[in-house]
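Structure first, commentary second.
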Amino acid sequence: WLANRGTDGAQISRVLASDLELVSEALFNQYGYETGRYEEFTHRTDNQKGLIKLDWNINSNHTLTATYNFLDATKDKPAHPNAITPRGPDAVTLQFENSGYAINNVLHSGIIELKSIFGNRFSNNLQAGITSFRDSRDPFSTPFPVMNIFKAGNPYIIAGHEPFSIHNRLNQDVTQITDNFNMYLNNHTITIGTSFEKFEFDNSFNLDFYGGTFAPLTGSESVQTFVDAIYAGEFDDLVAGAQATFDGNGGDEGVNGEGWALAETNIGQWALYVQDEWQVTDRFKLTYGVRMDMPLYFDTKEKIEENIDTTRNCCYFPFIEYFDLEGNEIFFDHTVLPEQKPLFSPRVGFNLDVKGDNSLMLRGGSGLFTGRFPFVWVGNQVANPNFFFYTITAQDFQFPQVWRSNLGLDTRIGNGWLATLDVIYTKDVNAMMVRNYGLKPPSGKLNGVDGREIYTAADRNSFGNDAYVFTNTDVGQSFNISLQVQRNWSNGLYTSLGYSFLDSKDASSIPAEISGDAFARNPAIGNVNEAMLAHSLYGHRHRVVGAAAKKFEYGNMATSFALFFEYVKGGRFSYTYQGDLNRDGSPLNDLIYIPTDGEIDQMTFDPNDGDVAKQAQGLKDYIAQDDYLSSNRGAYAGKYDVLSPWYSTWDLRILQDYNFAVGDKINTIQLSIDVLNIGNLINSNWGVRQFPTNSQPIGVSIDDNNNPTYSFDPDLQSTFTDDPSLLSRWQLQVGLRYIF
């Protein structure tokens, strides 16, 4: 994105270059702080990876495979785009180069697999592996507070240190063992198996250790306000404190747990399962079984107690009163983890050859499926036994489970065509949702045209703090239907075309790693702890895909062409206010009320953000040009109700093979050329995706009498803007392979 110099054009932000220069100059003059550039800088990506595989045929009954792979990668990234508050870079907000960071990933993984056959009736497959991940971040900034500057109620300029990258280190060690024993008994194939996984995490995460101005509560309301505050010395203590924190914790070489935060979390999953694949007849096969999964927390309780004793004893207080979903009194003990109870997953499936000639196949199944979740959320509990940012996992929390049923049909039609139809319905049994048990159900009401329920002081616990609790909910479901036709032609050409439709809904899509952020970014109206069934953030509602491929052979050479295309209805988003309208502590989750023109005339706009008449007219014009908003006046915007425009991507792959004999074997040197998004290479307007210009177009604040004051930037005139990322650009990849 480019700064605004008074001209219009693609990828030009509303942020004025003169404002960016003013901020950068003030920070340097007062503190000697280098912000870095604000445009035309490059983010670098480097990686080295490799794989070694050894196959050993021990004898005719036993084979051993050993695989080792490694990765050493570094990628430059901007500051987190939306956690806590939006940061861009986009049409509304720009950040300086030194507000970003480099993320480093080092991986080493080794797996052995032993396959054994015992006579004609038994076999065994044993796998064991160890994986080591070492992830760290290198901020571009010197120790410095986070600086947020606002304009018209929305983030405008971001400066200072990346708040999530302060001595951010994550070490992961994973141990996994799986063993499957198969018995072949007449028309039954019975599998008895077990699997064990252990995850060991050492996480140093030091959010906001350098302090800063976090909006909307402490962010500067304008560039001039910010600059005046700098020269008045209002940030002197913050700046000095950031450097003192860095030095006091030993700098970059500081030891985790001795100053810098450290959360040690050990968690795992053990499973037992049995399955019978029964060939009832030549045309009908029935598969049924049951799986038991047991969550394991090992010594994580002791790790929490160590963390409390060594670094958090001052802030651990398990006697604070919180509220359950009905508003009843409840208490939490941070050292208590969820119960280790087994989860059972029965399943059944079938496959029917309807005509007995493979021309019409009917298949389906139904059952429970147990999954995992990002264990960082349990790590949040280990790391934060602090009453001022209390994160905990509910004692009755269970690993996620869904009940899934599917029905599929494969049929051969016409001359060589294969058509496939699949229908899948999924119902959440144990979905996940973060709730704030520091809040009762809201008892207040907003004045004005909106009139929603809001929280009052009486709706908070007496201590006035939050408790972000990781809980389950059964609210959630999805329906997916897909159709594909494909054909292998007599001349060697392969073609396929498919369409899929998805209707996915949940109570919380949890687009966050931090429990508090998962709560803060879950759009809602009224009671934010209520599980509201609404569209999920994830998945494409409409998707069309196609492919064509052909290989030409001549002499000792061959040339292959493959073309893949995708035509997709864009991703979902919500319209929310920029500001904490309902007083739940989040400036990100309040779905907007879509006013009529008459209601806009009744709204109070903030004169500090410009001419109030222009703000009101600008909001009217913005709603009028937006298809979703103009069709839903007088109602609340729905959670993830809005879809971005359609986009298409065409990818081309060319393979050139040169075959030659080495002894009695044919070896091949293969050159590959991949052109991703080739349409954008042909025409710069093709293959370009669009995303929302601003999903928080209306700023809001609320006074002690529940009266809201709004702000709107009249320069915001269009819903969508072009995505300048690599997703909208053509890319070329060249590869060389030796096949022997």
Being polar (S, T, N, Q) and at pLDDT 95 or above is true for just one of 693, 668. Which residue is that?
668
Quick one: is residue 695 touching a Phe, Trp or Tyr at 6+ places or on another chain (Cβ under 7 Å), assigned by TED's automatic domain parsing to the domain that holds residue 589, crowded, with 19+ Cβ neighbours inside 10 Å and under 21 Å from residue 568 (Cα atoms)?
yes
Please verify whether the stretch 301-322 includes one or more residues that are in a strand (DSSP E or B) and surrounded by fewer than 17 Cβ atoms within 10 Å (Cβ to Cβ).
no
Can you tell me which residues in the stretch 121-157 are touching a helix residue (DSSP H, G or I) at 6+ places or on another chain (Cβ under 6 Å) and of a type outside the set (A, V, I, L, M, F, W, C)?
141, 143, 145
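Please enumerate the residues belonging to the stretch 676-694 that are touching a helix residue (DSSP H, G or I) at 6+ places or on another chain (Cβ under 6 Å) and on the phi > 0 side of the Ramachandran plot.
Narrowing the stretch 676-694 to residues touching a helix residue (DSSP H, G or I) at 6+ places or on another chain (Cβ under 6 Å): 686-689.
If the condition is that a residue be touching a helix residue (DSSP H, G or I) at 6+ places or on another chain (Cβ under 6 Å) and on the phi > 0 side of the Ramachandran plot, then 687 is the only one that fits.
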Exactly one of 205, 235 is closer than 30 Å to residue 303 by Cβ and either crowded, with 16+ Cβ neighbours inside 10 Å or at pLDDT below 95 (or both), and that one is 205
Would you check which residues across the stretch 473-491 are exposed (fewer than 15 other Cβ atoms within 10 Å of the Cβ) and over 33 Å from the mean Cα position of the chain (by Cα) and list them?
488, 489, 490, 491
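Is it the case that the stretch 477-485 has a residue that's touching a residue at least 24 places away in the same chain (Cβ under 8 Å) and under 26 Å from residue 588 (Cα atoms)?
Within the stretch 477-485, one or more residues are touching a residue at least 24 places away in the same chain (Cβ under 8 Å) and under 26 Å from residue 588 (Cα atoms).
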With the requirement that a residue be in a strand (DSSP E or B) and modelled with pLDDT of 85 or more, what does the stretch 368-392 give you?
368, 369, 370, 391, 392
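Here is a yes/no grid of residues against (1) modelled with pLDDT under 95; (2) crowded, with 16+ Cβ neighbours inside 10 Å:
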| site | (1), (2) |
| --- | --- |
| 70 | no, no |
| 83 | yes, yes |
| 93 | yes, yes |
| 99 | yes, yes |
| 127 | no, yes |
| 141 | yes, yes |
| 147 | yes, yes |
| 153 | yes, yes |
Residue 381 is checked against (1) buried (at least 19 other Cβ atoms within 10 Å of the Cβ); (2) without any contact (Cβ under 8 Å) to a residue 12 or more places away in the chain and fails just one. What number does that condition carry?
(2)
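Taking the condition surrounded by 15 or more Cβ atoms within 10 Å (Cβ to Cβ), on the phi < 0 side of the Ramachandran plot, touching a Lys or Arg at 6+ places or on another chain (Cβ under 9 Å) and not in a loop (DSSP other than H, G, I, E, B), does residue 351 pass? Steps first, please.
Numbers: surrounded by 15 or more Cβ atoms within 10 Å (Cβ to Cβ): yes; on the phi < 0 side of the Ramachandran plot: yes; touching a Lys or Arg at 6+ places or on another chain (Cβ under 9 Å): yes; not in a loop (DSSP other than H, G, I, E, B): yes.
Yes.
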Taking the stated definitions as given, is residue 550 of a type outside the set (Phe, Trp, Tyr) and closer than 14 Å to residue 652 by Cα?
yes
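Of all helices (runs of 4 or more DSSP H) completely enclosed by the stretch 575-636, which ones contain at least 3 residues that are aliphatic (A, V, I, L, M), crowded, with 17+ Cβ neighbours inside 10 Å and not assigned by TED's automatic domain parsing to the domain that holds residue 224? Steps first, answer last, please.
Details: elements: 597-600, 612-625, 627-631.
Ranges flagged: 612-625.
Yes/no matrix, rows are residues, columns are (1) more than 30 Å from residue 197 (Cα to Cα); (2) in a strand (DSSP E or B); (3) of a type outside the set (Gly, Ala, Ser):
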site: 75; (1), (2), (3): no, yes, yes
site: 89; (1), (2), (3): yes, no, yes
site: 98; (1), (2), (3): yes, no, yes
site: 109; (1), (2), (3): no, yes, no
site: 117; (1), (2), (3): no, yes, yes
site: 120; (1), (2), (3): yes, no, yes
site: 123; (1), (2), (3): no, yes, no
site: 126; (1), (2), (3): no, yes, yes
site: 130; (1), (2), (3): no, yes, yes
Residue list for the stretch 446-472, filter: closer than 15 Å to residue 580 by Cα, buried (at least 16 other Cβ atoms within 10 Å of the Cβ) and among the hydroxyl-bearing types (Ser, Thr, Tyr)
455
Looking at the stretch 350-394, which of its residues are over 28 Å from residue 514 (Cα atoms) and of a type in the set (S, T, N, Q)?
351, 358, 359, 366
Just checking, which of 515, 504, 443 is surrounded by 20 or more Cβ atoms within 10 Å (Cβ to Cβ), small (Gly, Ala, Ser) and either assigned by TED's automatic domain parsing to the domain that holds residue 583 or free of Cβ contacts under 8 Å to residues at least 40 places away in the same chain (or both)?
504
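In the stretch 561-571, how many residues are at pLDDT below 95 and either surrounded by 19 or more Cβ atoms within 10 Å (Cβ to Cβ) or over 22 Å from the mean Cα position of the chain (by Cα) (or both)?
Residues of the stretch 561-571 that are at pLDDT below 95, as a first pass: 569-571.
Then drop every residue that is not either surrounded by 19 or more Cβ atoms within 10 Å (Cβ to Cβ) or over 22 Å from the mean Cα position of the chain (by Cα) (or both), which leaves 570.
The qualifying residues number 1.
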Any residue in the stretch 721-740 that's among the hydroxyl-bearing types (Ser, Thr, Tyr): show its pairings with residues that are in a strand (DSSP E or B) and modelled with pLDDT of 90 or more at Cβ separation under 6 Å, as long as the two are six or more apart or on different chains.
738/669
Hey, can you tell me all the residues within the stretch 709-727 that are closer than 27 Å to residue 681 by Cα, among the acidic types (Asp, Glu) and outside any strand (DSSP E or B)?
723
Only one of (1) surrounded by 13 or more Cβ atoms within 10 Å (Cβ to Cβ); (2) of a type in the set (Asp, Glu); (3) part of a strand (DSSP E or B) fails for residue 39. Which number is that?
(3)
Return yes when residue 199 is surrounded by 17 or more Cβ atoms within 10 Å (Cβ to Cβ) and either of a type in the set (Val, Ile, Thr) or in the same structural domain as residue 239 (by TED's automatic domain parsing) (or both) and no when it is not.
no
Is it the case, given these coordinates, that residue 184 is surrounded by fewer than 17 Cβ atoms within 10 Å (Cβ to Cβ) and aromatic (Phe, Trp, Tyr)?
yes
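The values are calculated or read from the model by the stated rules, or taken from the named source; none is laboratory data. In this text, all values refer to a predicted model and were calculated from it rather than measured experimentally. Positions of Cβ are generated from backbone atoms using ideal geometry, with glycine treated the same way; all protein chains shown enter the neighbour counts.
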